[in-house]
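Read through the structure below, which is laid out as structure tokens, and then see the notes.
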Amino acid sequence: MSGASAGGDLPVFSKRLDELMASMLAGEAPNVGRFCGYCYTPLGKHADACAHCARTTAQYAPVAKIPAEFFALYKRMRHRESVIVNSFAFAGLGLGLLLFIVIVAIAVYRFNASLWWMAGATAVLIVGGRVFAGILGGWIGDSIGYDVARRKLAVEWQAYEHEREARLRPPAAPERSEAGAAPAGTSQTGRTA
Ligand SMILES: [Zn+2]
């Protein structure tokens, strides 16, 4: 297949699924529906192929809920992301604090503790701290966090997929069920038992 996403060992993880899982985690949406058996993107009621990964429901039977392990994967990704963003934001606050100290020191040793310099230092601390936190956290941290978290997710996804594949299709016993016998639409979704 030449259609394999170039340059991306990034996992199949559709925008739609991303939003849905976020609202499921927030308790705004229940974990029920009809999801692609491969990438868990929500499927239409009668769709027989995934709009995101293009796997057909014959290849991967749709599932009625997103598995807990996959959720864990997602949560870990989000957590990593937020740790990185927060670290950068704190670094920004720290930078504001550092500037504050420097300006206060200048004020004290050079300008006889001038009130104007002190006021300036305070403004730098309050406004600068926020601005630096915003820039470092919301901009640099955000993009680095996104990259790092996705890259790690790609690794975890591979392991997950590998493990799931082994569970779904044991290589030792190549199943020879009559393909095409099962009519589309009557997929067995609750096969986890
Ligand atoms: Zn899919």
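Here is a yes/no grid of residues against (1) closer than 18 Å to Q158 by Cα; (2) at pLDDT 90 or above:
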| position | (1), (2) |
| --- | --- |
| F13 | yes, no |
| A26 | no, yes |
| C36 | yes, yes |
| L43 | no, yes |
| P67 | yes, yes |
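If you take the residues in segment 23-63 that are β-branched (V, I, T) and assigned to a loop (DSSP other than H, G, I, E, B), which one is nearest to the ligand (Cβ to nearest atom)? Before you say what the answer is, go through the steps one by one.
The first filter runs over segment 23-63 and keeps only residues β-branched (V, I, T), leaving 32, 41, 56-57, 63.
Restricting the remaining residues to those that are assigned to a loop (DSSP other than H, G, I, E, B) gives 32, 41, 57.
Values: V32: 18, T41: 5, T57: 10 Å.
Taking the candidates together, the pick is T41.
Of all residues in segment 57-81, exactly one satisfies the criterion of being loosely packed, with under 15 Cβ neighbours inside 10 Å and polar (S, T, N, Q), namely Q59. Filtering segment 64-90 down to residues that are farther than 23 Å from H162 by Cα and of a type in the set (F, W, Y), which residue is nearest to the ligand (Cβ to nearest atom)? Among residues in segment 64-90 that are farther than 23 Å from H162 by Cα and of a type in the set (F, W, Y), the one nearest to the ligand (Cβ to nearest atom) is F88.
Conditions (1) surrounded by 14 or more Cβ atoms within 10 Å (Cβ to Cβ); (2) in contact with a Lys or Arg (Cβ under 7 Å, 6 or more places away or on another chain); (3) at pLDDT 90 or above; (4) assigned to a helix (DSSP H, G or I), marked per residue:
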{"position": "N86", "(1), (2), (3), (4)": "yes, no, yes, yes"}
{"position": "L97", "(1), (2), (3), (4)": "yes, no, yes, yes"}
{"position": "I106", "(1), (2), (3), (4)": "yes, no, no, yes"}
{"position": "W116", "(1), (2), (3), (4)": "no, no, no, yes"}
{"position": "A133", "(1), (2), (3), (4)": "yes, no, yes, yes"}
{"position": "G141", "(1), (2), (3), (4)": "yes, no, yes, yes"}
{"position": "I144", "(1), (2), (3), (4)": "yes, no, yes, yes"}
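Residues in segment 10-45 that are more than 18 Å from the chain's Cα centre (by Cα) and of a type in the set (K, R) were compared, and the one that is surrounded by the most Cβ atoms within 10 Å (Cβ to Cβ) is R34. Can you name the condition, by its number, that H162 falls short on among (1) in contact (Cβ under 8 Å) with a residue 40 or more places away in the chain; (2) more than 17 Å from the chain's Cα centre (by Cα); (3) under 30 Å from Y60 (Cβ atoms)? It is condition (1) that H162 fails.
The values are calculated or read from the model by the stated rules, or taken from the named source; none is laboratory data. Not measured: the values here are computed from a predicted model. Reconstructed Cβ throughout: ideal geometry from the backbone, glycine too, with neighbour counts over all protein chains shown.
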